[in-house]
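Novice: Supplied in structure tokens, the structure appears directly below.
The values are calculated or read from the model by the stated rules, or taken from the named source; none is laboratory data. Keep in mind that what you see is a predicted model, and the values were worked out from it rather than measured. Because the Cβ atoms are built from the backbone with ideal geometry, glycine has one as well, and the counts that use them run over all protein chains shown. Accessible surface is based on the protein model in full, side chains and every heavy atom, while ligands, DNA and RNA are left aside. Shrake-Rupley method; radii C 1.70, N 1.55, O 1.52, S 1.80 Å.
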Amino acid sequence: MLSKALNKALNKQVQLEFESSNVYLAMASWAEQEGYEGIANFMYLHSDEERMHMLKIFKYINERGGEAEVPALGKVEHKYKSVVDMFTNVLKHEVHVSSEINNLVDSCLKEKDYATHNMLQWYVAEQMEEERLARTLLDKLKLIGNDKSGIYMFDRDLNSGGGEGGEKG
Ligand code: FEO
């Protein structure tokens, strides 16, 4: 059985994963409007993945006798100055999610809830991968700079799955 405190902390993570899904959905929309088809498709997929991250925790809470709650969600940013600006925000967001996952792991250890600790190990690995991917894409974009043909190729590569670096959960 989940403690009340962990139930609350996990519901907070549900909210963050849900918000992540919306943040990336808005990014997909921005990219689509700007004509970046590959980046848009990449962000649509990423948005779906975040919904899956949310659902995994949501169901876990109920499986452990807790109460999963559908959270109220805040407004998300719909405008970006550039592709670099957008991916800078992706990395910033993922670093924030990683730190929240770390806090959750810490709470599990303090409470000796090893089942939840075990469930969260998937998220620890996933966050490392998400941060790595965001950093790799941002590094590429910094190399490309203002070169329009470079951005065109970057967009095309993402459309053919070039940014994923393998299938993730
Ligand atoms: Fe589920 Fe990218 O955090």
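Novice: Take Ser149 and tell me if it is exposed (fewer than 12 other Cβ atoms within 10 Å of the Cβ) and within 16 Å of the ligand (Cβ to nearest atom).
Specialist: no
Novice: Looking only at segment 1-58, count how many residues are of a type in the set (Gly, Ala, Ser), open to solvent by less than 20 Å² (accessible area, probe 1.4 Å) and within 20 Å of Leu73 (Cα to Cα).
Specialist: Residues of segment 1-58 of a type in the set (Gly, Ala, Ser): 3, 5, 9, 20-21, 26, 28-29, 31, 35, 38, 40, 47.
Narrowing further to those that are open to solvent by less than 20 Å² (accessible area, probe 1.4 Å): 20-21, 26, 28, 31, 38, 40, 47.
Imposing the further condition that a residue be within 20 Å of Leu73 (Cα to Cα) reduces the set to 20-21, 26, 28, 47.
Residues that pass the stated criteria total 5.
Novice: I'd like the residue in segment 98-116 that is more than 16 Å from the ligand (Cβ to nearest atom) and either under 30 Å from Asp147 (Cβ atoms) or open to solvent by less than 40 Å² (accessible area, probe 1.4 Å) (or both) and, out of all such residues, is farthest from the chain's Cα centre (by Cα).
Specialist: Filtering segment 98-116 for residues that are more than 16 Å from the ligand (Cβ to nearest atom) and either under 30 Å from Asp147 (Cβ atoms) or open to solvent by less than 40 Å² (accessible area, probe 1.4 Å) (or both), the one farthest from the chain's Cα centre (by Cα) comes out as Asp113.
Novice: Only one residue in Val70, Val95 is farther than 15 Å from Met27 by Cβ, surrounded by fewer than 16 Cβ atoms within 10 Å (Cβ to Cβ) and within 14 Å of the ligand (Cβ to nearest atom). Which one?
Specialist: Sole residue among the options that is farther than 15 Å from Met27 by Cβ, surrounded by fewer than 16 Cβ atoms within 10 Å (Cβ to Cβ) and within 14 Å of the ligand (Cβ to nearest atom): Val95.
Novice: Kindly list, by first and then second residue, each pair from a residue in segment 56-75 that is in contact (Cβ under 8 Å) with a residue 60 or more places away in the chain to a residue that is open to solvent by 70 Å² or more (accessible area, probe 1.4 Å), limited to pairs with Cβ atoms under 7 Å and residues at least 6 apart or on different chains.
Specialist: Filtered contacts from segment 56-75: Arg64/Met1; Gly65/Met1.
Novice: Taking Met119, is it on the phi < 0 side of the Ramachandran plot, part of a helix (DSSP H, G or I) and either loosely packed, with under 13 Cβ neighbours inside 10 Å or within 16 Å of the ligand (Cβ to nearest atom) (or both)? Please lay out each step first, then the result.
Specialist: On the way: on the phi < 0 side of the Ramachandran plot: yes; part of a helix (DSSP H, G or I): yes; either loosely packed, with under 13 Cβ neighbours inside 10 Å or within 16 Å of the ligand (Cβ to nearest atom) (or both): yes.
So Met119 passes the test.
Novice: Residues being under 29 Å from Ala115 (Cβ atoms), among the charged types (D, E, K, R) and more than 16 Å from the ligand (Cβ to nearest atom): count how many of those fall in segment 33-65.
Specialist: Qualifying residue count, segment 33-65: 2.
Novice: Condition first: among the acidic types (Asp, Glu) and more than 21 Å from His117 (Cβ to Cβ). Now tell me which residues in segment 1-32 satisfy that.
Specialist: Glu19, Glu32
Novice: Since Lys81 meets every condition but one in (1) loosely packed, with under 11 Cβ neighbours inside 10 Å; (2) farther than 21 Å from Leu158 by Cβ; (3) free of Cβ contacts under 8 Å to residues at least 40 places away in the same chain; (4) not acidic (Asp, Glu), which condition does it not meet?
Specialist: Status for Lys81: all satisfied but (2).
Novice: Oh, and also: So how many residues does segment 153-162 have that are modelled with pLDDT of 95 or more and either out of contact with any Gly (no Cβ under 7 Å at 6 or more places or on another chain) or polar (S, T, N, Q) (or both)?
Specialist: Total meeting the criteria: 2.
Novice: Within the bounds of segment 134-142, is there any residue that is outside any helix (DSSP H, G or I), touching a residue at least 24 places away in the same chain (Cβ under 8 Å) and under 20 Å from Leu25 (Cβ atoms)?
Specialist: Checked against the condition, which is being outside any helix (DSSP H, G or I), touching a residue at least 24 places away in the same chain (Cβ under 8 Å) and under 20 Å from Leu25 (Cβ atoms), segment 134-142 yields no hits at all.
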